[in-house]
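Remarks on the structure that follows.
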Amino acid sequence: MTSLRHSLKLNKGGVISLVGAGGKTALMFRLARELSRQGAAVLSTTTTKIYMPNRKQTAIVMISESAGDFAIGAREILKRNPHISAGSRLIPLRNKLKGFAPETIDAIWRSGAFRWIVVEADGAAGKPVKAPAVHEPVIPQSTTWVIGIIGLEAIGRPLTQRWAFRPQLVSKITGLALGAVITESAIAEVFVNDNGIMKGFPAHAKRIAFLNQAESRERLEAGRRIAEMINSHKTAGFAGVLIGQTLYEPIVREYYPAD
């Protein structure tokens, strides 16, 4: 099993929001590449901030504060290139791209310019695990899939700022003491807890857990145990759990649909 598109049955089009930590940006561009491969129009963007995309990630970056103006300009570019990345403005001193408000992404989706919109809807400062603050994540209401991602690299590491974004909040929802070893059950709790990374998802959206950084046998086995914990938590309502590696092939190593 190697394709995100086929594993997740992404066929008709929609808005995919990525939340959590440990590989969202890499996942966003991998998804965009897969979805645009056969000519489907794809937008990759964010409701927060991302580093300015490089040429390997995207050939076109557009800047616009108006959903209407952006959609008009995008239609012309899409005749030549099916994948566009975009945001509302550049932050030159930080080499970052500021994204769109969620309402702007909803308006871009309604314009019909894109078959797919992939949104990085959360920030984690490059850490493999996080818990969201009150204002996070920032998910557009037009979202049809929410993919929550956590890096398996976090397992066995201490719950500190080196390995966790907002470790105090991770401690609060998992019960782990600050500095304690991050366990498999704590990773599962970050997904299923009401205040975990999937917080605030639109009720109609399909939710998938993505356990990233499964580059070794040990991490793959840990991912399998976490997947069982998530899928056994019936009230959490996940459609399934992917175990994979956004920086390597195959990106999807195993998929466990919910019963």
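The values are calculated or read from the model by the stated rules, or taken from the named source; none is laboratory data. Quantities reported herein were computed from a predicted structural model and do not represent experimental measurements. Neighbour counts are summed over all protein chains in view; Cβ atoms, including those assigned to glycine, are modelled from backbone coordinates with ideal geometry.
Points worth noting:
- Of the listed requirements (1) of a type in the set (Gly, Ala, Ser); (2) out of contact with any Leu (no Cβ under 7 Å at 6 or more places or on another chain); (3) closer than 19 Å to GLU254 by Cβ, GLY223 misses just one: (2).
- Every pair of residues 6+ apart whose Cβ atoms lie under 8 Å, when the first sits in the stretch 24-51 and is farther than 21 Å from ILE91 by Cβ and in a strand (DSSP E or B) while the second is at pLDDT 95 or above and small (Gly, Ala, Ser): VAL42/ALA32; VAL42/SER36
- Top-ranked residue in the stretch 61-93 [being in contact (Cβ under 8 Å) with a residue 24 or more places away in the chain and charged (D, E, K, R); ranked as farthest from TRP109 (Cα to Cα)]: ARG89
- When the stretch 129-169 is limited to residues that are among the β-branched types (Val, Ile, Thr) and in a loop (DSSP other than H, G, I, E, B), the one that is surrounded by the fewest Cβ atoms within 10 Å (Cβ to Cβ) turns out to be VAL134.
- Members of the stretch 1-59 found to be buried (at least 21 other Cβ atoms within 10 Å of the Cβ), among the hydroxyl-bearing types (Ser, Thr, Tyr) and closer than 16 Å to VAL146 by Cα, listed by number: SER17, SER44, THR45, THR46, THR47
- Of all residues in the stretch 178-195, those that are touching a strand residue (DSSP E or B) at 6+ places or on another chain (Cβ under 8 Å), touching a residue at least 40 places away in the same chain (Cβ under 8 Å) and part of a loop (DSSP other than H, G, I, E, B) total 1.
- Out of ALA222, ALA227, ALA214, one residue alone is part of a loop (DSSP other than H, G, I, E, B) and at pLDDT 95 or above. It is ALA214.
- Test: residue in the stretch 67-79 that is in contact with a helix residue (DSSP H, G or I) (Cβ under 8 Å, 6 or more places away or on another chain), small (Gly, Ala, Ser) and loosely packed, with under 13 Cβ neighbours inside 10 Å: yes
- Restricting attention to the stretch 221-238 and to residues that are among the β-branched types (Val, Ile, Thr) and out of contact with any Phe, Trp or Tyr (no Cβ under 7 Å at 6 or more places or on another chain), the residue that is nearest to LEU152 (Cα to Cα) turns out to be ILE226.
- Residues of the stretch 102-123 satisfying the condition of being among the aliphatic types (A, V, I, L, M), under 15 Å from ILE50 (Cβ atoms) and either at pLDDT below 95 or outside any helix (DSSP H, G or I) (or both): ILE117, VAL118, VAL119, ALA121
- Selection within the stretch 170-206 - under 17 Å from the mean Cα position of the chain (by Cα), crowded, with 22+ Cβ neighbours inside 10 Å and not aliphatic (A, V, I, L, M): PHE191, GLY196
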